Amino acid sequence: MSDSPVTTHDPNADDTPAEASPQEQKKMEQAYAQMKRKMSMEEIGKKIKHKVMVLSGKGGVGKSTVSTGLALSLAQQGLSVGILDIDITGPNVPKMMGLDGQRLHVESGRIHPAKGHLGVKVISMAFLLDSEDTPVVWRGPIKLGAIQQFIGDVEWGNLDYLIIDFPPGTSDEPLTVAQSLPDIDGMVIVTTPQEVALLDSRKSITFSESLKVPVLGVVENMSGYTISGKAPPGSDIEIAAPAGKTLKTTANDAGEFSVTLDIFKKGGGKLTAEEFGVPFLGALPFDPGFVRGGDDGVHRIVSEPEGPSAVAFAAIVAALQDQIIEEPGAGLEII
Ligand SMILES: Nc1ncnc2c1ncn2[C@@H]1O[C@H](COP(=O)(O)OP(=O)(O)OP(=O)(O)O)[C@@H](O)[C@H]1O
Ligand SMILES: [Mg+2]
């Protein structure tokens, strides 16, 4: 006797599978694509040990400078690092990373990041532009969809750190990223010592609470401009500074002097951090080399790997790493 299952057949039943309507077909395809993307985001989440968002309330305070600096400083430690540049309307990370004019490399349906200075992997919306003069004007839903696609479809490989650079303001982009990418360690808030920027960075901190992503700390950028020089040992130096100020110092026994001009107010980032009970990660000096680096594509950390700005970044990175618990999956406390 055969042990195959006994099936009964109702001759009146209609066995032909119902044809899906084009709309149903489209819905199924969308659901499938979404499921695949969700799985790939989870996979990405596992392969990337730490994910750090860089935000500010106000534009032009140095988010991209800080994002690229953090990434390069971590890479200087020998870690594998990536940067995701979310700024669709004004992406300038590729330029800072020496990748101007690069295009995306797609293989087996996966987007492969470009490799910038010190092997840092870079994905930027700029890679989608025909020319750098083409402004990308994408409406909200398209923009957010593109961001999700970018996150889900990029083949980062294993990374110790992914730094995510955002456009200015507390807009939809950080929300989309926070909802899409699992286990974000937290955010770094960039501010300048000015009062307006400070007010805006306070907004970012409040925003972080609504995102449920902890603040890892505040970085004060363009903190002071240091002038160094040589003069006969022991001589008094007076330098005329803007706003009628005079900077005074004395040359040391080796005939060297240096004075720091606080272009904006000083210590504001620290005050904001204290006020909100979040860590202050450190200050970055005003360094014209950042502007040059933005123009000629050689980042300050690469042109002067042991210069004052690289040293300041290393200290900020050390403070950041202190905030990040090394065990994967372990939570983070806001201090
Ligand atoms: N510490 C610094 N010293 C001197 N120049 C700086 C410093 N930090 C940033 N800059 C310069 O200020 C300008 C703005 O910096 P950056 O592009 O990093 O700001 P952003 O916050 O990313 O701007 P956006 O809001 O447009 O994205 C750039 O020209 C950059 O080179
Ligand atoms: Mg920027």
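Here are the criteria: (1) of a type in the set (A, V, I, L, M, F, W, C); (2) part of a loop (DSSP other than H, G, I, E, B); (3) surrounded by 20 or more Cβ atoms within 10 Å (Cβ to Cβ). Tell me which single one VAL298 does not satisfy.
Failed condition: (3).
Here's the yes/no breakdown for (1) over 17 Å from LEU181 (Cβ atoms); (2) out of contact with any Leu (no Cβ under 9 Å at 6 or more places or on another chain):
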position	(1), (2)
GLY78	yes, yes
GLY82	no, no
PRO91	yes, no
GLY98	yes, yes
ILE123	no, no
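Taking ALA75 and the conditions (1) within 16 Å of ligand 1 (Cβ to nearest atom); (2) more than 17 Å from PRO174 (Cβ to Cβ), which numbered condition does it fall short on, given that it satisfies the others?
Only one criterion is unmet by ALA75, namely (1).
Can you work out which of the residues in the range 82-108 that are part of a loop (DSSP other than H, G, I, E, B) and among the acidic types (Asp, Glu) is modelled with the highest pLDDT?
So the residue we want is ASP100.
Could you check GLY60 against (1) crowded, with 24+ Cβ neighbours inside 10 Å; (2) in a loop (DSSP other than H, G, I, E, B); (3) of a type outside the set (Phe, Trp, Tyr) and say which number it fails?
Here GLY60 clears every test but (1).
Among LEU118, LEU74, LEU79, which is in a loop (DSSP other than H, G, I, E, B), modelled with pLDDT of 95 or more and in the same structural domain as PHE286 (by TED's automatic domain parsing)?
Of LEU118, LEU74, LEU79, the one residue that is in a loop (DSSP other than H, G, I, E, B), modelled with pLDDT of 95 or more and in the same structural domain as PHE286 (by TED's automatic domain parsing) is LEU79.
Filter the range 22-71 for residues that are within 25 Å of the chain's Cα centre (by Cα) and hydroxyl-bearing (Ser, Thr, Tyr) and give the result.
Result: SER40, SER56, SER64, THR65, SER67, THR68.
Test THR192 against the stated conditions and say whether it is of a type in the set (Val, Ile, Thr), within 16 Å of ligand 2 (Cβ to nearest atom) and assigned by TED's automatic domain parsing to the domain that holds VAL61.
It is true that THR192 is of a type in the set (Val, Ile, Thr), within 16 Å of ligand 2 (Cβ to nearest atom) and assigned by TED's automatic domain parsing to the domain that holds VAL61.
Do we find that PRO168 is within 25 Å of PHE280 (Cα to Cα) and either outside the structural domain of VAL61 (by TED's automatic domain parsing) or modelled with pLDDT under 85 (or both) in this structure?
yes
Just give me the residues in the range 171-188 being on the phi < 0 side of the Ramachandran plot and at pLDDT 90 or above, in sequence order.
Correct list: ILE184, ASP185, MET187, VAL188.
I'd like the full set of residues that are of a type in the set (Asp, Glu), farther than 22 Å from VAL259 by Cβ and at pLDDT 85 or above, limited to the range 269-326.
GLU274, ASP322, listed by residue number.
Looking only at the range 242-257, how many residues end up being more than 16 Å from ligand 1 (Cβ to nearest atom) and exposed (fewer than 14 other Cβ atoms within 10 Å of the Cβ)?
Final tally of qualifying residues: 11.
Given the conditions (1) away from ligand 1 (no atom under 14 Å from the Cβ); (2) in the same structural domain as THR68 (by TED's automatic domain parsing); (3) modelled with pLDDT of 85 or more; (4) not acidic (Asp, Glu), report the number of the one that PRO233 does not fulfil.
(2)
Got at least one residue in the range 283-296 being free of Cβ contacts under 8 Å to residues at least 24 places away in the same chain, of a type outside the set (Phe, Trp, Tyr) and over 24 Å from LEU118 (Cβ atoms)?
No, that holds for no residue.
With respect to the numbered conditions (1) modelled with pLDDT of 75 or more; (2) in a loop (DSSP other than H, G, I, E, B), which one is the sole condition not fulfilled by GLU333?
Just one mismatch for GLU333, condition (1).
Of the residues ILE263, ILE239, only one is loosely packed, with under 15 Cβ neighbours inside 10 Å, on the phi < 0 side of the Ramachandran plot and modelled with pLDDT under 90; which?
From the options ILE263, ILE239, the qualifying one is ILE239.
Filter the range 76-98 for residues that are buried (at least 21 other Cβ atoms within 10 Å of the Cβ) and without any contact (Cβ under 8 Å) to a residue 60 or more places away in the chain; which is farthest from ligand 2 (Cβ to nearest atom)?
Per the criteria, the residue is PRO94.
The values are calculated or read from the model by the stated rules, or taken from the named source; none is laboratory data. Since this is a predicted model, take the numbers as computed values, not measurements. Counting neighbours? That spans all protein chains shown, and the Cβs are built from the backbone with ideal geometry, glycine included.
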